[in-house]
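This report concerns only the one structure given below.
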Amino acid sequence: MEFVVYRQWEQLPDNANMLFAEVEKRSLFFSRTRLESLTQHALTEHQSILLLCVVEDETILAILPLLKSPQDGLRSLSNHFTTLFSVLVSEHDSRDDIMSCLAQGLSKMDENAIQLEPIDANDDNLMSLYQRMEACGFTRQSYFRFYNWSHPVNGQSFGEYMNERPANIHNMIKRKHRKLEREHLYQIRLYDKENIDRALEDYQMVYQASWKANEFFTDFTPSIVKKFARLGWLRLAVLYNEENPVAAQIWFVVHGKASIYRLAYDERWKIYSPESILTHYLMRYVIDTDKVSEIDFLTGNERYKQDWMTVQKERMGIYLVKSPMKEH
């Protein structure tokens, strides 16, 4: 095994796609499509990528995708919307040997510190890497980043899933749905592969009328939506009053897991709770049509997420710092 650093995606050998095909099944945040979009649309002029790889017989066994900048040194290739990061490694290879090679390679680099976030506190691959980096002279310090809420579907139908939700969810959706039907001519459209430009225009219109702050790197979300649509991973729903968009949600369904990515609604329509009506609609779709095994609300500990989800996890960050050489 050898430690190899690539500085551009194009430098990776073609067999790296076999690794990405495996790890994207664990999380959409490990997909090459998303990581490349980050590189193309969410980096500052002072940032560059480093793809730290373990290679054996020209085959990529592991990749640690990092950002390098003068201000932050080395940190995970991630952005504000990333909710999970890890070292990308095949489960079929010798993990301990791979992590030893990766740790030794990192210890020989000029950088003295590395920051990885957001990570699962119980990530076995990262735990193995930490142990070997400590053996190479690094110390580590962890810190809390945010809570993550998800729900394992376990073969439930949508009706069975809803029967387990709190009574306030049922009552609120029925009441708001009736009010919206009584007072407006509304419809919901689901976009997955067709008319994506129209869907994005309507989403952006809703976003601008919402409470949310303007985004940095405004090309990133449209880029990932279009690319995931081509892969069949997009579920973008828009609630319209006649032809005027008033609420929109971007979900992704990747290898049986639904991730609730972006939510927005026009504040003038708040009395109708359009976000809850759309969530109810998309929950039904991903459970009964897509037959997903898990639904993930990604980032945040808001009360409404706890009404829809059942499992809380912590996402952490970690600093790995190279200890100074002791003088004798």
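Karplus couplings for segment 41-48 from phi (6.51 cos²θ - 1.76 cosθ + 1.60, θ = phi - 60°), rounded to Hz, Gly and Pro as x?
Residue by residue, segment 41-48 yields 10, 9, 10, 7, 5, 9, 9, 9 Hz.
How compact and how long is segment 178-292, expressed as Rg and Dmax of its alpha-carbon atoms in Å?
13.7, 40
Give me the distance between the Cα centres of segment 12-82 and segment 260-292, rounded to whole Å.
31 Å
So what J values fall out for segment 124-130 if you push phi through Karplus, 6.51 cos²θ - 1.76 cosθ + 1.60 with θ = phi - 60°, rounded to Hz, Gly and Pro as x?
Those phi angles translate into 5, 5, 5, 4, 5, 5, 4 Hz.
Size of the dipole of the chain about the Cα centre, Lys and Arg at +1 and Asp and Glu at -1 on the beta carbon, nothing else charged, in debye to 20?
1260 debye
Among the DSSP beta bridges whose two residues both lie in the chain, what percent are antiparallel, rounded to the nearest 5? Before the final figure, lay out the partial values.
Working: 63 of 68 bridges.
DSSP beta bridges in the chain are roughly 95 percent antiparallel.
Just going by the charge dipole of the chain, with Lys and Arg at +1 and Asp and Glu at -1 on Cβ, which of ALA21, CYS101, HIS255 is farthest out on the positive end?
Value computed over the given set: HIS255.
Just subtract the alpha-carbon distance of ALA167 and GLU91 from 0.36 nm times their residue separation and send over the number in nm, one decimal.
Length gained between ALA167 and GLU91: 23.1 nm.
On alpha-carbon atoms, Rg over Rh for segment 95-224 using Kirkwood Rh?
1.14
Quick one: dipole size for segment 155-292, taken about the Cα centre, charges +1 on Lys/Arg Cβ and -1 on Asp/Glu Cβ, in debye to the nearest 20.
340 debye
Say each of ASP14 and LYS270 gets a label point 7 Å from the Cα, pointing the same way as Cα to Cβ; how far apart are those two points in nm?
Using points 7 Å along Cα→Cβ, the separation is 5.5 nm.
Taking the Cα centre of segment 216-328 as origin and charging only Cβ (+1 Lys, Arg; -1 Asp, Glu), how large is the dipole, in debye to the nearest 20?
440 debye
Rounded to the nearest 0.05, what FRET efficiency do GLU183 and LYS108 have when you use their Cβ-Cβ distance and R0 = 51 Å?
Approximately 0.15, to the nearest 0.05.
Would you mind calculating the gained length between ARG26 and ASP197 on full extension (0.36 nm times residue separation, minus the Cα-Cα distance), in nm to one decimal?
58.7 nm
Of SER142, ASN168, PRO152, whose Cα points farthest to the positive end of the dipole of segment 66-203 (charges on the beta-carbon: +1 Lys, Arg; -1 Asp, Glu; origin at the Cα centre)?
Going by the charge dipole, the pick is ASN168.
What is the spin-label model distance, in nm, from GLU294 to TYR147 if the labels are put 7 Å beyond Cα along the C-beta direction?
1.9 nm
Could you tell me which of GLN47, SER69, SER293 has its Cα farthest along the dipole of the chain towards the positive end, charges placed at Cβ (Lys, Arg +1; Asp, Glu -1), taken about the Cα centre?
Of the listed residues, the answer is SER293.
At R0 = 22 Å, how high is the FRET efficiency between GLN71 and CYS136 if r is their beta carbon distance? Nearest 0.05 is fine.
According to the calculation, E is roughly 0.30.
So I have (i) 80, 38, 36; (ii) 63, 53, 38; (iii) 48, 45, 39, and one of them is Cα extents along the principal axes in Å calculated from this model. Which one is it?
Given (i) 80, 38, 36; (ii) 63, 53, 38; (iii) 48, 45, 39, the structure-derived one carries the label (i).
Please go through the residue pairs LYS226/LYS257; LYS68/LYS257; LYS226/LYS313; LYS193/LYS227; LYS68/LYS212 and name each one whose alpha carbons sit more than 21 Å apart in this structure.
LYS68/LYS257; LYS226/LYS313; LYS68/LYS212
Extension gain THR44-THR310, at 0.36 nm per residue separation less the Cα-Cα distance, in nm? All intermediate terms of the calculation are to be shown ahead of the outcome.
Working: separation 266, 0.36 × 266 = 95.76 nm, distance 3.73 nm.
Gain on stretching THR44 to THR310: 92.0 nm.
What number, rounded to the nearest 500 deg cm²/dmol, is the helix-based mean residue ellipticity at 222 nm of the chain, given -39500 (n - 2.57) per DSSP H run of at least four residues and division by all its residues?
Result for the chain, helices only: -10500 deg cm²/dmol.
When averaged across all projection directions, what area in nm² does the alpha-carbon convex hull of segment 223-265 cover?
So the Cα hull casts an average projection of 3.3 nm².
Quick note: the coordinates plus some simple rules give every number you see, no bench work behind them. The model shown is predicted, which means the values in this text are computed figures rather than measured ones. In this analysis, Cβ positions are derived from the backbone assuming ideal geometry, glycine residues included, and neighbour counts consider all displayed protein chains.
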